[in-house]
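Structure record follows, encoded as structure tokens.
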Ligand SMILES: Cc1ncc(COP(=O)(O)O)c(C=O)c1O
Ligand SMILES: Cc1ncc(COP(=O)(O)O)c(C=O)c1O
């Protein structure tokens, strides 16, 4: 059966409601967070209603069932990413996943292989979300390591002309986004990964904006760590994932300390459990892990290839329609080559906040501002942009509504 | 209307199911995690179905509604604890709350008032859960500060005979549990808080086992920080709270770095937002915060005083019935003075795992092991204990079932 | 249309013809405020003459609400005593937090009552307050110098 | 009663009359293993004679499953070649992970087939494996010394 976003939409109860005096909801803010299908909402509720107990802890039937559900969710995530079951760590968000890693690089003491010193270098890019920038800035400050970054070209691509000079032999971590949440740019990983591995650095991928939208296989990408958030992947809030190679996780020092992450404890010392347990302190976000598994099952049933193809087509339509409007100034690549279905732009003299407000009055949800990528926004020479981000439940009608909304805003703010 | 646990139980859908071949569920493991009423499950589902959007970020109606719901939840938590709205930080769990604090004590640099050095002392107790012990152990290792602890007496109380020598003038933090998750002991705070404040130390309260079970008011207790978990408070998994005095939070350095916690960002530096935003990086666990507010509303509607009175009465009954059984050896105080409704015990030669397994076969859920308080278990001279922990939905029938189960286990393992 | 309650004529007028925009060369205090959620910025200069607001000038980039609001503010507070200006400031802040339940006292707020509609759009309240918070900050700094 | 499939007579017998309990004074390797979720502990000594398991002795505290399992193990592996013992070990591990779908090959596992029921109780599998993992570890260490 052909992929049909209108059929998909029926799985998402939020589309049954209306916005601002009866308008149809045109949700173009999935880059911030996605909507949830019934199966995800029910998986979480069902866990509470039927199987709720603390995992790994009780010797009773509910605890067994909860453990099965939680560990089953881990297996689902592993399969979705093409990683091993013991390579999946549940966190509360991609933000926590990336912080976990950045702390781990200074938590292990001088004999730990991840320990950074002032002799080392950390490489990021100028298009990072704050969540994949500030943790590394802080690690640099803590450890004395140097922070360096790939620049962004005027057309919104990474400038890799200085690849070998940027990823120096003393580079220990290269952390970058798979797809920019502002530009849509999908970064070319092969050359970066090859160079990083050549110098013995690990590659960390912020996959927040790729895992929801395209097939992502950690083995094929040959990366070392990957982070994404459940809530952008039609999953619940309060759940994120860190995938890491087993061979690396085994030596990765812990970040959060508490119950269930230990092998033994005295008043003065503790010995850590093996991964992934070592990295999951306390009673976990069980219902959210189960909800995330339902989300990935939902996406898998539709097919990530189908979703990708749909978004490529719809993204091309969005770019085309936007460029027909005089005054629209797109940031980021102008074609769909290595690019996702998100468009950030300015509109003449109309401030993004005002445009966003007008669109909202028409039922159209977009995001405005610097999109938590302030250095990038500054580099692009804009104060703020308006961002429309598409997902599996959007269709051409939604894009048409946006275009009409933009024309309406020009009229509204121009006429007055 | 009189408080009736059988009526309360009707709000919790899990009690409609049965265990092991049709047995009634006798859930005595609320110390590990509590069950959830329908209103909590529905609050979370309803957020996804009706209002889901990224808070604080979008200029559209859903984002406004989500922000209202999330900030409304913060106000509910503040009111429940008797704190200010800006004094509530949402985390994923008490474990994260306590780690946030412990990291903050070394994240600020030498001019930050919280920064610990080798001249300082951290004081905990011997009855701490690993979540309130290991983060401080690690802080001691990072900062060079000394870790000291109040001992536990044979009858399961804190030994405060050396209060003034323990909380020395160079003590900067005193962190302790309000109610022991193993012993049930409720610690006397007034003298500890007075001495801590006398020497200028802050008092951190692990309220995981008190907030769900008794009225807790941070102003009355005169403490400085408090942590608890939603999932033990009839709330969702994946949400915890850190309360802190506004006057302290304002200088507390951040822990997780990323979106929404900044005032401004460049490639090399960041300036932090004020609390509580500074301490909530990334898209938050919005649905879980909303669920937690529904949980606290649920408890408030019943009345924390009512719940406390019920548990005191039921706890007394539990202690009495247990002590009637030859072979039962209770750890912790033997009366309900300054004590909650949880009982940990050994049973002659029958290993807790075997007892727990037998009880499970009767539909009775208890926890066995060291309950994430291994140093305490060792101090008490036991390998492991069996723990029955009560909550608002338990009644005398549940206690009777436990007693019968214990007698059955003695017969089962004795006869063979 | 609900939107018109936000974008009153007065607001769009001030947005298109901002008052006192362009920083004066002399001042008692200069502050720079940013709205971290959208990046809007404002620089504001204040000069005092004893307890009177002798000059307010500003520059900045931002949405119609933030620009109009600071423009209205500078018209409104100029020449007032610091105490009078405080009254206006408090009145305005209260109006912004009213969630659409107040219309604003036009004897005190004059043109600024046009901002009443903003209070119904929580995401925009920070825009409206940006200039006012900057003014508040600047006066404190200027007074500290007296 | 499902519980009886867990607590087989053989298991309770071994629990009450553990075999080879009490550590021998001489050994090639000694290991100490702990089950971190319940605190159960075991110390196990192994002595090898070329490629043969010449002695296994142990001491420890734990539940009936963990105690019976190590008692059965020491009876079963004593006198076997390391390779034969490995076969038993692998067979046993597989049985434990079978979630109740296997009955166990009694030609290989002998008394240890009585542990088959444990595989239906996920929380107890670690108890059953505690001694076996200790044995595995000890043999590797003992061989390293040869
Ligand atoms: C006293 C105490 N402190 C801390 C915790 C940790 O709570 P959580 O696992 O929800 O983070 C618990 C419960 O596990 C506890 O009982
Ligand atoms: C590229 C990118 N990285 C990281 C994040 C942070 O994700 P979260 O806020 O869910 O932790 C986001 C989304 O906000 C993002 O778009």
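Values in this text are rule-based calculations from the coordinates and carry no lab data. Computed from a prediction, not measured in an experiment: that's the story for all the values here. As a convention, Cβ positions derive from the backbone with ideal geometry for all residues, glycine included, and neighbour counts pool all protein chains shown.
Legend: Rg and Dmax of the range B:22-147, from Cα coordinates, 19.9, 63 Å. Counting only alpha carbon atoms, the long axis of helix D:82-96 and the longest principal axis of chain D meet at about 20°. Calculated FRET efficiency, residue B:146 to residue B:305, Cβ-Cβ distance, R0 = 51 Å: about 0.80 to the nearest 0.05. Placing R0 at 35 angstrom, the Cβ-Cβ distance between residue B:198 and residue A:165 gives a FRET efficiency of 0.05 after rounding to 0.05.
Between residue A:217 and residue A:7, full extension at 0.36 nm per residue minus the direct alpha carbon distance yields a gain of 72.9 nm.
Shielding of peptide A:266-274 by partners, expressed as the average count of other chain Cβ atoms within 10 Å per residue Cβ, is 5. Taking every residue in A:341-351 and counting other chain Cβ atoms within 10 Å of its Cβ, the average works out to 1.
State, to one decimal in nm, how far the label point of residue C:140 lies from the label point of residue A:335, with both points 7 Å from Cα in the Cβ direction. For residue C:140 paired with residue A:335, the spin-label model returns 5.5 nm.
Put a label point 7 Å from Cα along the Cβ direction on residue C:50, then list its distances to the equivalent points in the other copies in nm, shortest first. Result for residue C:50, in nm, nearest copy first: 11.3. Ranked by the mean number of other Cβ atoms within 10 Å of their residues, highest first, the peptides B:121-133, B:44-56, B:329-341 come out as B:121-133, B:44-56, B:329-341.
Sorted from shortest to longest, the distances between the residue A:381 label points of this copy and the other copies are 8.0 nm, with each point 7 Å from Cα along the line through the beta carbon. Helical runs (DSSP H, four residues minimum) scored at -39500 (n - 2.57) apiece and divided by the length of the protein assembly as shown put the mean residue ellipticity at 222 nm at -12000 deg cm²/dmol.
Across all Cα atoms of chain B, the radius of gyration (one decimal) and Dmax (whole number) stand at 22.1, 73 Å. Helix C:122-145 axis versus longest C-alpha principal axis of chain C: approximately 10°, rounded to the nearest ten. Counting only other chain Cβ atoms within 10 Å of each residue's Cβ, the peptide D:38-45 averages 4. Note on the protein assembly as shown: antiparallel DSSP beta bridges, both residues inside, total approximately 70 percent of the bridges counted.
The alpha carbon convex hull volume per residue for the range A:316-416 rounds to 100 Å³. Taking packing as the residue-averaged number of other Cβ atoms within 10 angstrom, the listed peptides A:145-158, C:94-107 run from highest to lowest as A:145-158, C:94-107. Restricting to bridges with both residues inside chain A, how much of the DSSP beta-bridge set is antiparallel, in percent to the nearest 5? Expressed as a percentage, antiparallel bridges in chain A total about 60.
Projecting the alpha carbon convex hull of the range C:1-41 along each direction and taking the average yields 4.6 nm². Computed packing ranks the peptides C:19-28, A:223-232 as A:223-232, C:19-28, most packed first, by mean other Cβ atoms within 10 Å. Taken over the alpha carbons of the range D:3-145 as equal point scatterers, the Debye sum produces base-10 log I(q)/I(0) values at 0.10, 0.12, 0.14, 0.21 Å⁻¹ of -0.29, -0.42, -0.58, -1.32. Here the simple spin-label model places points 7 Å from the Cα toward Cβ, and for residue D:9 and residue B:397 these points are separated by 3.9 nm. When residue B:324 is represented by a point 7 angstrom out along its Cα-to-C-beta vector, the spacings to that point in the other copies are 8.3 nm, nearest first. Restricting the calculation to alpha carbons of the protein assembly as shown gives Rg and Dmax of 31.3, 103 angstrom.
Once both axes come from the Cα atoms, what is the angle between helix A:134-143 and the longest principal axis of chain A, in degrees from 0 to 90, rounded to 10? Tilt relative to chain A: about 40 degrees. For the range A:246-348, the spread of Cα coordinates along the three principal axes comes to 69, 34, 27 Å, biggest extent given first.
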